[in-house]
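Data first, discussion second: the structure below is written as structure tokens.
The values are calculated or read from the model by the stated rules, or taken from the named source; none is laboratory data. Small disclaimer: the values here were computed from a predicted structure and weren't measured. FYI the Cβ positions are ideal-geometry reconstructions off the backbone, even for glycines, and counts take in every protein chain you see. Ligands, DNA and RNA are stripped out before the accessible areas are found, and what is left, the full protein with its side chains, is counted by its heavy atoms. Shrake-Rupley method; radii C 1.70, N 1.55, O 1.52, S 1.80 Å.
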Amino acid sequence: MRLRFITILSIPVLFLLLFSCTPSASSPPETIRPHHDLRVRLFPEQNRLTGTDLIRLHPGGNDSLSFYLSENATVNSVQINGKDRDFTFRRSLLRISLKSGEQNEAIEIAVDYEGVFNDPVPVRPVNTDNPGYGVSGTISPGGVLLLGGSGWYPLMPDTHPTYNIEIDAPEGMRAITAGHPLGHETGDGRSLSRWEVRHPVEALALSAGPYQVQEKRVGGVTAATYFFPGSSNLADGYLEAVAGYIALYADLFGPYPFGKFAVVENFFPTGYGFPSYTLLGTQVLRLPFIIQTSLGHEIAHCWWGNGVYVDFSEGNWSEGLTTYVADYLYKEQQSPEAALQYRLELLRSYAALVDPENDFPLSEFTSRTDRVTQAVGYHKSAMVFHMLRRMVGDDAFWSTLQAIYRERLFDAVGWSGFAAAFADRMEQPFDTFFDQWVRRKGAPELALDDVQVAQEGDDWIVRGNIVQEKPFYHLRVPVLLTAGEDRETTVVEMTEGAAPFTFTADTPPESLIVDPEADLFRHLYPSEVPPTINSVKGAESVLMVLSERGGDELRDAAKLLVMSLGLDNADIISENDLSPGDIKTSSIIFAGLPQRRTLLPELPDSVSLSDTAFTLNGRAFSFPSDAFFGVFPHPASEERVMALFLADDTQAETLARKVTHYGKYSYLAFHNGDNQDRGTWPVTDSPLILRFAER
């Protein structure tokens, strides 16, 4: 079983790209771009809307037109240039035939329709593998979310319309979408929100709720929050952060492309990015780290993905680039060590979750649907941009991104567009680089071979080879030699299976390290990947083993933990039913301390356990107020792990729900449900680190 998981807590927050936010192909000629004058009335108590859409377009010589509309909709009438017209509406496709005189001139099509949107909304989701929870359209008294792909209005595929929209909702419910607000008014028990979308987008999303709006001007841009009354106290912090991020990215890439950026509260725990706003669930909004991390990620998408569009025929590059210029860049600004640790997290995520069976090339990535697609589409892609930056240098990297943004704003770009832009800037081809990293799945695995040390006169000479298996990658591999206080790095160019290197040192060499700063995207060895919660999620076979001391509450919490980790095929057994064969063939999660302590894995020195307490990193914790989850090396296999889930009955359910959100960590400690400590076991060994004293 291979886990597919996405977490809300370890955001990069989701940027939905599948037909809900940004175009997937180049914009059509201006002469045929549609414009929608859309009037929608919401009836939350009935989960229903009614709509009238006046679409102005040029048919471009076609004898019929097709529009996508929800299969739960009813089309009441269609008019062309004010006259009734026959139509067919089957399986979400509205087809309208055109007369010969209408095929080559601008026309107006009016569609009167209504529909029910009632996707079930999760109240307290356990598993977050599908970050949208299958919700594409829902209208309810608690709130409204209509994604672009839900078919809440007639949309002609592969076009990029502009819009004027009026949303009529019950009084107290305010609506927001992309674009520029034209005003809001209330009266007679109703609320009218008007919006103008001047820049072409493929498909619009719409949100509505009991919003209180606060705004702040940032130069020529409006920063805004649309929060429920209970969250209004958060507005000032978000407004200040939005202003800072807009200034940061305007300096880095060019002027902000929209008139506003709004942070909008959703009534269930999502994290979406749309042109000029982000939609965050109440729980997500209140997380203390969101402002410092994920908010900036979503604002960066206004340049990359919602500003420069993605040509999905070549794959989605925007998540990797946005991860790199947001999540990673913030770590780089913090310190070199923080940046290194983030690169290692990206490599470890790929190693823990991706295998040859579920791997795929970046050219096939469209959006994040689980942990595997995140590890490839976000993490591998971010490392590709990191390697590109190191190849061309900082000045060329940032100036080329500025040129792409300046020249391709509101146009769709594919990976080939990035290759061409960097080739023009550097006056050299980049085909090999993008072919191997974007169009080929997998990653290289490097090894040291035939390393020899010899003293020649007063010098010490270190020679050896770096080797790789087929398919060969073209690589620039950093290799570090330490000798006393001296540190020398050379870059080894690889195009085939082996490449030699030579160092000369004045003193006896101490160590040789390949890729010391984790600058390459590569397969890590098992010894380079500390066991983490992601390792449990990525395990092929997992057994949940219940302590004999546990009762029904522990069993219920164990079931919840299995669900939250996405371990669909995990079996739950009692400690007495665990056989030696089970231990050899499965990863194990112990729920409660086993009576047979010999079953426990070897624990690091920083951890000690007893029936009533545990110590972690020198800090004492005790049950029942405290809880522990840790993942350790498996005693019988490098490919498997063992985990301990220790919580009193009163804490077990809370811990079971929270563990899944800390995938990159090896251990967690909680006090009364609040995380007190978390971390990753240190890596002390690697086949790519050679210590000469040990030889």
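Mind listing P(r) for region 71-126? All alpha-carbon pairs, 10 Å bins, whole percents.
Reading upward from the zero bin: 19, 39, 22, 11, 7, 2.
In nm, to one decimal, how far is the modelled label at PHE360 from the one at ARG390, with both set 7 Å along Cα→Cβ?
Taking the simple label geometry, PHE360 and ARG390 are separated by 2.8 nm.
Using the Karplus equation 6.51 cos²θ - 1.76 cosθ + 1.60 (θ = phi - 60°), what ³J(HN,Hα) coupling, rounded to whole Hz, does each residue of region 668-682 give in order, writing x for Gly and Pro?
9, 10, 10, 10, 6, x, 9, 5, 10, 7, 7, x, 10, 4, x
Which of the lysines could be linked to LYS537 by a straight reach, that is with a Cα gap under 26 Å, when you skip same-chain ones fewer than 8 residues away?
LYS331, LYS380, LYS441, LYS559, LYS584, LYS658, LYS664
Given +1 on the Cβ of Lys and Arg, -1 on the Cβ of Asp and Glu, and no further charges, what dipole in debye does the chain carry about its Cα centre, rounded to the nearest 20?
Dipole about the Cα centre, nearest 20: 1600 debye.
Using alpha-carbon pairs under 8 Å, 6+ residues apart, how would you state the relative contact order of region 467-513 in percent?
44
What accessible area per residue, rounded to a whole number of Å², is obtained for the chain using a probe radius of 1.4 Å?
Heavy-atom accessible area per residue stands at 40 Å².
What FRET efficiency comes out for the pair ARG555/ALA613, r = Cβ-Cβ distance, R0 = 25 Å, nearest 0.05?
Efficiency, rounded to the nearest 0.05: 0.60.
Multiply the residue gap between ARG33 and THR50 by 0.36 nm, knock off their C-alpha separation, and tell me the result in nm, one decimal place.
Fully extending the segment from ARG33 to THR50 adds 3.7 nm.
Name the GluC sites (Glu not before Pro) in region 389-493 that are in a loop by DSSP and that have at most 12 other C-beta atoms within 10 Å, would you?
The qualifying sites are GLU427, GLU469, GLU485.
So for region 105-249, what are the equivalent ellipsoid semi-axes in whole Å, largest first, each being the square root of 5 times an eigenvalue of the Cα gyration tensor?
With the √(5λ) rule applied to region 105-249, the semi-axes are 25, 22, 18 Å.
Mind giving me the nanometre distance, one decimal, between the label points for ALA693 and SER100, set 7 Å out from Cα along Cα→Cβ?
For the pair ALA693/SER100, the computed spacing is 9.3 nm.
List the equivalent ellipsoid semi-axes of region 305-449 in whole Å, largest first, each obtained as the square root of 5λ for an eigenvalue λ of the Cα gyration tensor.
Value: 23, 18, 16 Å, ordered largest first.
In nm, what is the difference between 0.36 nm times the number of residues separating ASN118 and ASP486 and their Cα-Cα distance?
In short, 125.9 nm is gained.
Let me test this: with uniform point scatterers at the alpha carbons of region 394-499, what is the Debye-based log₁₀ I(q)/I(0) at q = 0.10, 0.11, 0.13, 0.15 1/Å?
Each listed q corresponds, in turn, to -0.47, -0.55, -0.70, -0.82.
Amide H of ASP411: which non-local residues (sequence gap of 5 or more, or other chain) have their own amide H closer than 5 Å, using H built in the peptide plane?
TYR309
When Cα extents along the principal axes in Å is calculated directly from the model, which label among [x] 92, 68, 45; [y] 84, 69, 57; [z] 88, 59, 48 fits?
Given [x] 92, 68, 45; [y] 84, 69, 57; [z] 88, 59, 48, the structure-derived one carries the label [x].
Report the relative contact order of region 280-380, percent, no decimals, based on alpha-carbon pairs under 8 angstrom and at least 6 residues apart.
28
With a Förster radius of 56 Å, plug the Cβ-Cβ distance of ARG476 and LEU93 into 1/(1 + (r/R0)^6) and report the FRET value to the nearest 0.05.
0.65
Expected output is a single nm value to one decimal: the length gained when fully extending between LEU409 and ALA250, i.e. 0.36 nm times separation in residues minus the C-alpha distance. What is it?
Length gained, LEU409 through ALA250: 55.9 nm.
Can you tell me the 0 to 90 degree angle between the C-alpha axis of helix 394-408 and the longest principal axis of the chain, rounded to 10?
So the inclination is approximately 20 degrees.
List the relative contact order of the chain as a percent without decimals, with contacts defined as Cα pairs under 8 Å and 6+ residues apart.
Computed over the chain, the figure is 12 percent.
Based on DSSP H runs of at least 4 residues, each adding -39500 (n - 2.57), what is the mean residue ellipticity at 222 nm of the chain after dividing by all its residues, to the nearest 500 deg cm²/dmol?
That comes out to -6000 deg cm²/dmol.
So if R0 is 56 Å, what FRET efficiency would GLU548 and ASP435 give, r being the distance between their Cβ atoms, rounded to the nearest 0.05?
It comes to 0.50.
Note the angle between two axes, namely the Cα long axis of helix 649-658 and the longest principal axis of the Cα atoms of the chain, as a number of degrees from 0 to 90, rounded to the nearest 10.
70
Please give me, ordered by residue number, the GluC sites (Glu not before Pro) of region 243-352 that lie in loop per DSSP and have at most 16 other Cβ atoms within 10 Å.
none
Could you derive backbone 3J(HN,Hα) for region 531-541 from the dihedral phi with the Karplus parameters 6.51, -1.76 and 1.60 (θ = phi - 60°), listing whole Hz in sequence and x where the residue is Gly or Pro?
x, 9, 4, 4, 5, 5, 5, x, 6, 6, 9
Residues of region 628-658 with backbone nitrogen within less than 18 Å of a virtual label 7 Å along the Cα-to-Cβ line of GLU602, please, listed as ranges.
So the set is 631-644.
Remind me, what semi-axes does region 440-517 give for its equivalent ellipsoid, largest first in whole Å, using sqrt of 5 times each Cα gyration tensor eigenvalue?
Equivalent ellipsoid of region 440-517: 26, 12, 9 Å, largest first.
For a label point 7 angstrom out from the Cα of PHE43 toward its Cβ, which stretches of region 192-206 have the backbone nitrogen within less than 20 Å?
192-193
Just reorder SER70, SER625 by solvent-accessible area, largest first, 1.4 Å probe, all chains present.
Of SER70, SER625, the descending order of accessible area is SER625, SER70.
What percent of all Cα-Cα pairs in region 178-287 falls in each 5 Å bin, counting up from 0?
Answer for region 178-287: a P(r) of 2, 11, 21, 24, 21, 14, 5, 1, 0, 0 percent.
For LYS99, give me every one of the aspartates and glutamates with a C-alpha distance below 16 angstrom, ignoring sequence neighbours fewer than eight places off in its own chain.
ASP63, ASP84, ASP86, GLU108
Region 501-572: which trypsin sites (Lys or Arg not before Pro) are DSSP loop and have at most 14 other beta-carbon atoms within 10 angstrom?
Those that pass, being in a loop and sparsely packed, are ARG549.
According to a simple spin-label model (label point 7 Å from Cα along Cα-to-Cβ), what is the distance in nm between ASN576 and LEU340?
5.2
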